[in-house]
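Taking it in order: structure first as structure tokens, then the write-up.
The values are calculated or read from the model by the stated rules, or taken from the named source; none is laboratory data. Quick caveat, the model's predicted, so the values are computed rather than measured. All Cβ positions, even for glycine, are placed from backbone atoms using ideal geometry, and neighbour counts span all protein chains on display. Please note that ligands, DNA and RNA were not included when accessible areas were found on the heavy atoms of the full protein model with its side chains. Shrake-Rupley method; radii C 1.70, N 1.55, O 1.52, S 1.80 Å.
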Amino acid sequence: MTAVPSTLLAMTSGSRIGIVGAGVAGLACAKVLSQAGFPVEIFDRAPDVGGVWSATRRYPGLRSQNSKHTDHFSDHPMPEDYPRWPDGQQMQAYLAGYAQKFGLTGHLRLRTEVVAADPVDSGWLLEIRDEMGVHRSTCDHLIVANGVYSDPVMPNLPGAAAFRAAGGQLCHVSQFHDAELARDRSVVVVGYGKSACDVAEAVSHLADETSVIARRLTWKLPRKFGFGTDYERLLLTRAGEAHFPSRFGHRAERLLDRLALREANLDLLQERVTRKLRLRELGLVPEGSLADMATSSAALATEGFYDQVEAGRIAVHRDAEIVELIGGQHGPAVRLSDGTLKLAEIVVCATGYRQEVPFLTPFVRRSLTDEAGDFRLYRHILPVEVPNLSFAGYNSSNISALSAEVGAHWIAGLLTGAFVPPVAELMNNDIDERLAWSRARSNGVHAHGASVIPFSLGNIDEMLDDLGTPLSLSARLGQWVRPVRPATYRTVLRNRNAAPAPTPVAVVEG
């Protein structure tokens, strides 16, 4: 069994923390660690904070999947005048307000990319590129908060050169920022995830023709589907989580199984969703069961998407792929796997992201992942074999801000010595078991081990239990029937900040 190659040493208040990424997770870490007395420096290549919400990556139709009541930090609620589901610009403004409120703007180094990070005896040597050129910097502990949605994946489509020569535009959804570009043009969107449906619905009001090419249909939930049930009541309550078989099989799950309620409830819900979204009439019922949606992501149905399909403004080509981009005298087009030929002046690829850390050395990257490319991180945060390194936001969650905030406190506990992780052998065993279970339940589709969906509350419980500050029993009981409210965690997390940091201790692993 592998062991940590060197001593894991708790940091002192003067230890410098470098954070790569100024999205939700990076900002949460900067706030929590700076309040714990650490000097922090946050690097981001974008000109603004926000990560996926940055203006440089915001596509038309981008909107929060959660309501403003659940998608915020415990001590920084959304503005009262925000709509229930904030759009991308409002989400970015909220995060900019968070940075301003907690004094993080002076620690930000925007338009600054970390191009290389090398481990050295004293921590990390960073090579950074900004508007002035390439420089070097150092830190004692490095936090990777670049996000699991930061490196766009573009399919390798034959004929791209001829397609572009004929006037066709080809881009990833994160590079498509202006819906007006689609006015009176034919648009093809590749994919069927949230971003694909969001952008297709947004441009369908302007485009001459909008087509969605879906290799595989997936289940999506409407915001509300009757009988007092909505998206958040299913996925952001403990009762909702209990309907999906977890790794440990808690008592509530076993009770649902004994009463034969789990499968029955999901079957009823699946039928309700099918009727609410008119999936049978539209020929868009996915294969498999509704429970499959929780393998690595749980998508909210884009408001108005199925209305536009019904109206003929969006055509969904299910079980199809683009096999060729075509140019020539008749203009840009695409050929599908079923032989269909479609005019396509704009092709937007909503084809996902890679989970990579390209700025780390190849040796370090190999130490972070297994043969399948899945990240080996204890609690989705701590690499066992690489000292002075942690990850933030790699517990991709249905309640990302709260998950990131609790994860930041976990890192702070680790660095101050308030929390001592298990020995290397036990951490490796836990990682092995978690990845094996996650791969089996999702057929390997689990964001390279960087997703906790649909067990967002369970993941938060684990981190708080590690820190010795669990949520109160009364609060947990309330979450069985009411969607999580981040403010519920404010007292627990504030008490952690108020507690004096213990004397740093050295802990030898392995």
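Across the stretch 268-391, the volume of the C-alpha convex hull divided among the residues equals 199 Å³ per residue.
For the stretch 105-188, how big is the tail of P(r) above 15 Å, as a whole percent of Cα pairs? Before the final figure, lay out the partial values.
Details: 2582 of 3486 pairs.
Considering the stretch 105-188, 74 percent of its Cα-Cα pairs are separated by more than 15 Å.
Kirkwood Rh over Cα pairs of the chain into Stokes-Einstein at 20 °C, 1.002 mPa s: D in µm²/s? In µm²/s, the coefficient is 89. Listed cross-link partners 31/194; 31/68; 68/342; 224/342; 31/224; 68/194 are compared with a 28 Å cut-off, the Cα-Cα value being larger for 31/194; 68/342; 224/342; 31/224. Which angle from 0 to 90°, rounded to the nearest 10, does the C-alpha axis of helix 194-204 make with the longest principal axis of the chain? That works out to roughly 40 degrees.
What is the gain in length, in nm to one decimal, between residue 287 and residue 490 on full extension, counting 0.36 nm per residue of separation less the C-alpha to C-alpha distance? Walk me through the intermediate numbers first.
Numbers: separation 203, 0.36 × 203 = 73.08 nm, distance 4.14 nm.
Residue separation times 0.36 nm, minus the Cα-Cα distance, leaves 68.9 nm.
Averaged per residue, the chain has 43 square angstrom of accessible surface, using a 1.4 angstrom probe with ligands and nucleic acids left out.
Once you have the Cα-Cα distance between residue 280 and residue 177, take 0.36 nm times their residue separation minus that, and quote the gain in nm to one decimal. Write out the running numbers ahead of the final one.
On the way: separation 103, 0.36 × 103 = 37.08 nm, distance 3.28 nm.
Once the chain is fully extended between residue 280 and residue 177, it gains 33.8 nm.
Summary value for the stretch 302-376: 14 percent relative contact order, contacts being C-alpha pairs under 8 angstrom separated by 6+ residues.
How large is the convex hull of the C-alpha atoms of the stretch 388-502 per residue, in Å³? Please report the intermediate quantities before stating the final value.
Working: hull volume 13.3 nm³, N = 115.
Taking the convex hull of the Cα positions in the stretch 388-502, it is 115 Å³ per residue.
Straight-line reach from residue 220: which aspartates and glutamates have Cα under 14 Å away, leaving out those fewer than 8 places along the same chain? Within the straight-line limit of under 14 Å, residue 220 reaches these aspartates and glutamates: 198, 230, 232, 271, 287, 292, 303. Based on Cα contacts under 8 Å between residues 6+ apart, the chain shows a relative contact order of 24 percent.
Which whole-number value in Å³ per residue fits the convex hull of the alpha carbons of the stretch 424-480?
Taking the convex hull of the Cα positions in the stretch 424-480, it is 94 Å³ per residue.
Could you tell me what a quarter of the Cα convex hull surface of the stretch 144-249 works out to, in nm² with one decimal place?
Working: hull surface 43.3 nm².
Reported value for the Cα convex hull: 10.8 nm².
Accessible area per residue was computed with a 1.4 Å probe on protein heavy atoms; residue 181 scores about 80 Å². Treating r as the C-beta distance of residue 80 and residue 310 and R0 as 56 Å, the FRET efficiency rounds to 0.95.
On the principal axes of its alpha carbon atoms, the stretch 357-397 extends 28, 24, 18 Å, with the longest extent given first. Starting from the Cα-Cα distance between residue 87 and residue 303, subtract it from 0.36 nm times their residue separation and give me the gain in nm to one decimal. Here the segment from residue 87 to residue 303 would lengthen by 76.5 nm.
Where both residues lie in the chain, what percent of DSSP beta bridges are antiparallel, nearest 5?
Values: 31 of 67 bridges.
Of all bridge pairs located within the chain, approximately 45 percent are antiparallel.
Could you tell me the calculated FRET efficiency between residue 361 and residue 132, based on Cβ-Cβ distance and R0 = 25 angstrom, to the nearest 0.05?
Taking R0 as 25 Å, the efficiency between residue 361 and residue 132 is 0.55.
Put simply, the stretch 13-164 fits an ellipsoid with semi-axes of 27, 25, 12 Å; these come from the alpha carbon gyration tensor as the roots of five times its eigenvalues, largest first.
A simple spin-label model places pseudo-atoms 7 Å from Cα toward Cβ; at residue 329 and residue 233 they are separated by 6.2 nm.
Just in the stretch 100-135: which GluC sites (Glu not before Pro) are loop by DSSP and have at most 12 other Cβ atoms within 10 Å? Walk me through the numbers on the way to the answer.
Details: sites: 113, 127, 131; in loops: 131.
Counting only loop positions with at most 12 other Cβ atoms within 10 Å, the GluC sites (Glu not before Pro) in the stretch 100-135 are 131.
The residue among 404, 479, 468 whose Cα reaches farthest toward the positive pole of the charge dipole of the stretch 346-493, with charges on the beta-carbon of Lys, Arg, Asp and Glu, is 479.
Which GluC sites (Glu not before Pro) from the stretch 265-354 combine a DSSP loop assignment with at most 13 other Cβ atoms within 10 Å? Write out the running numbers ahead of the final one.
Values: sites: 271, 281, 287, 303, 310, 321, 324, 345; in loops: 287, 303, 321, 345.
Answer in residue order: 287.
Taking the C-alpha atoms only, the angle from helix 400-416 to the longest principal axis of the chain is near 20 degrees. Ordering 172, 346, 273 by the projection of their Cα atoms onto the charge dipole of the chain, which places +1 on the Cβ of Lys and Arg and -1 on the Cβ of Asp and Glu, puts 273 at the extreme positive end.
Where nothing but the Cβ of Lys and Arg (+1) and of Asp and Glu (-1) is charged, how large is the charge dipole of the chain around its Cα centre, in debye to the nearest 20?
My answer is approximately 960 debye.
Between 0 and 90 degrees, rounded to the nearest ten: what's the tilt of helix 261-276 against the longest Cα principal axis of the chain? Here the helix axis deviates by roughly 40 degrees.
Just to confirm my numbers, what's the Cα centroid distance between the stretch 126-190 and the stretch 192-250 in Å? The stretch 126-190 and the stretch 192-250 have Cα centres separated by 25 Å. Close amide H partners of residue 210, meaning residues 5 or more places away or on another chain with modelled amide H under 5 Å apart, are 187, 315.
Calculate, for residue 423 and residue 118, the FRET efficiency according to 1/(1 + (r/R0)^6) with r their C-beta to C-beta distance and R0 30 Å; round to the nearest 0.05.
Details: r = 27 Å, r/R0 = 0.90.
Step by step, r from the Cβ atoms, then E = 0.65.
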